Amino acid sequence: MSISVLVGAQWGDEGKGKMVDYLAGKSDLIVRFQGGDNAGHTVINDFGVFKLHLIPCGIFEKNCISLIGTGVVVNPDVLMEEMAQIEAANVSLEGLKISGKAHVLMPYHQKLDELMEKAGGIGTTKRGIGQAYAYKAMRKSLRFEDLLDLDRTKSKLTEIVPVVNDQMSSYGIEPYTVEALFEKCKLWKEKFAASIIEPMSFLHQMIDSGKSILFEGQLGAMKDIDHGIFPYVTSSNPIASYAAVSGGFPAKKIDKVIGVAKAFSSAVGAGPFPTEEIGGAIDLLRGTGENPDDEFGARTGRSRRLGWLDIPVLKYTHAINGYDELALCKIDKLDNLPEIKICVDYKLDGRIVTHFPDTEDLEKVEPVYITLPGWMCDTTKIKNIADLPENAKNYIRKIEELVGTTIAYVGVGPNREDLAIR
């Protein structure tokens, strides 16, 4: 048995999709364990270029099962769109499973998100994720297992819709009807019934059978609702321990935690971002948006905020997750920089900060940098970390030394095989 958890070590957009796609070849089961369709994982392989928001990135491996887990909130219409994209590439969906305990993201969740953002929000993707989790917490929610019993579905909708319409009335929005929503549920049952499973018995059978299981996190630890830059966070917990919570198994069964970091920093949306720079050398990393690995959001298409690598962030998320190893993606983007800065500390009010600051103080910190020489040569064909240019290896060693973990993978391009491995 082997249970690994792969999570974002920064603000999201680190390259998790690429790494899951690569590791799926060694896995029997991939589980997407939290989040919704508000963040995309980009996969580039022999089948094409894909931006997956709900379907686990192991779907391209025919011998690997892909489970949308209990902790995910799922917009069925978005899931159908993704399934159509996968099928159009001649990839089988036979291995796709959906936890019966995963909650259904409804049209009114997305509408409420749009309305609340318009009234003054935090820069969400307006996909309804926060509202779906809020209704889950209020126990006014449908789960996928409910779709298997349409009488139960209709009964629950009859209880939920008045609550929704009370909230909608404050915005002057036309009320939803049970009948219209029920029609959508009937369509969803027809589409998904064969894929819905009872997750606990399924997952524990895989564990007891000694299968290799990889849990795929969404977003990054700095967007965790409890440990991230609240309130500029997502509505769930994209950290390693939540894989056990949503999966329903003891956390001590997790064998390995893999953090995925970008060789520099990026973020989308509002909130503090200490190493952000606008213009200059860092802006050369952005690209034009023409290439799938350019610095534009996979879900929103928004230009990402860019900055130098932030060691305090990596040390903080390492303390939360306990990385057994890191994957450092997009080092090839630094190939043409003569000098590369690394933030090693923060100063607040002129003093070095000895703990990770709260959100308000993080807005005010001054990053403390060291500068390393670049390598000024192409790394994109290198397959072994030992064969990287000496200054690139020095960059990697410095990160390992400062963070306190091992970098086992280095991304040297956007495709699945563009990896230098230790």
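The values are calculated or read from the model by the stated rules, or taken from the named source; none is laboratory data. Treat the numbers as computed from the prediction; the structure is a model and nothing was measured. Here the Cβ is made from the backbone with ideal geometry for all residues, glycine too, and neighbour counts use every protein chain on show.
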>> It is to be established whether one or more residues within the stretch 157-165 are acidic (Asp, Glu) and at pLDDT below 95.
In response: no
>> Looking at the stretch 138-177 only, could you name the residues that are closer than 22 Å to Pro199 by Cα, outside any helix (DSSP H, G or I) and in contact with a helix residue (DSSP H, G or I) (Cβ under 7 Å, 6 or more places away or on another chain)?
In response: Lys140, Ser141, Leu142, Leu148
> Restricting attention to the stretch 255-267, does a residue exist that is assigned to a helix (DSSP H, G or I) and surrounded by 18 or more Cβ atoms within 10 Å (Cβ to Cβ)?
Replying inline: no
>> Tell me the residue from Phe192, Phe249, Phe230 that is in a helix (DSSP H, G or I) and farther than 19 Å from Leu326 by Cβ, please.
In response: Phe192
> Quick one: which of Gly172, Gly217, Gly120, Gly130 is surrounded by fewer than 13 Cβ atoms within 10 Å (Cβ to Cβ) and either under 29 Å from Arg304 (Cβ atoms) or in contact (Cβ under 8 Å) with a residue 24 or more places away in the chain (or both)?
Replying inline: Gly120
>> Looking at the stretch 71-89, I want the residues that are more than 19 Å from Glu145 (Cβ to Cβ) and have a partner that is among the acidic types (Asp, Glu) and buried (at least 23 other Cβ atoms within 10 Å of the Cβ) with Cβ atoms under 7 Å, at least 6 apart or on another chain. Which pairs are those?
In response: Val78/Asp37
> Of the conditions (1) closer than 20 Å to Arg416 by Cα; (2) part of a helix (DSSP H, G or I), Leu54 fails just one. Which one is it?
Replying inline: (2)
> Could we say that Glu81 is outside any loop (DSSP other than H, G, I, E, B), among the acidic types (Asp, Glu), under 30 Å from Glu179 (Cα atoms) and not assigned by TED's automatic domain parsing to the domain that holds Arg143 here?
Replying inline: yes
> Does the stretch 328-343 contain any residue that is buried (at least 19 other Cβ atoms within 10 Å of the Cβ), in contact with a Lys or Arg (Cβ under 8 Å, 6 or more places away or on another chain), at positive phi and of a type outside the set (Gly, Ala, Ser)?
Replying inline: yes
> Only one of Phe182, Phe202, Phe144 is closer than 30 Å to Met19 by Cβ, among the hydrophobic types (A, V, I, L, M, F, W, C) and surrounded by fewer than 18 Cβ atoms within 10 Å (Cβ to Cβ); which?
Replying inline: Phe202
>> Any residue in the stretch 386-414 that is not assigned by TED's automatic domain parsing to the domain that holds Asp21 and at pLDDT below 95 sitting within a Cβ distance under 8 Å of a residue that is loosely packed, with under 15 Cβ neighbours inside 10 Å and not in a strand (DSSP E or B)? List the pairs, counting only those 6 or more apart or interchain.
In response: Gly413/Thr380; Pro414/Asn291
> Which residue, of Thr379, Thr354, is in a loop (DSSP other than H, G, I, E, B), assigned by TED's automatic domain parsing to the domain that holds Gly287 and at pLDDT 95 or above?
Replying inline: Thr379
> Within the bounds of the stretch 116-126, is there any residue that is modelled with pLDDT under 95 and touching a Gly at 6+ places or on another chain (Cβ under 6 Å)?
Replying inline: yes
>> Residue under question is Gly269, and the condition is that it be small (Gly, Ala, Ser) and closer than 15 Å to Lys341 by Cα; does it hold?
In response: no
> What is the one condition in (1) in contact with a Gly (Cβ under 6 Å, 6 or more places away or on another chain); (2) surrounded by fewer than 16 Cβ atoms within 10 Å (Cβ to Cβ) that Gly411 does not satisfy?
Replying inline: (2)
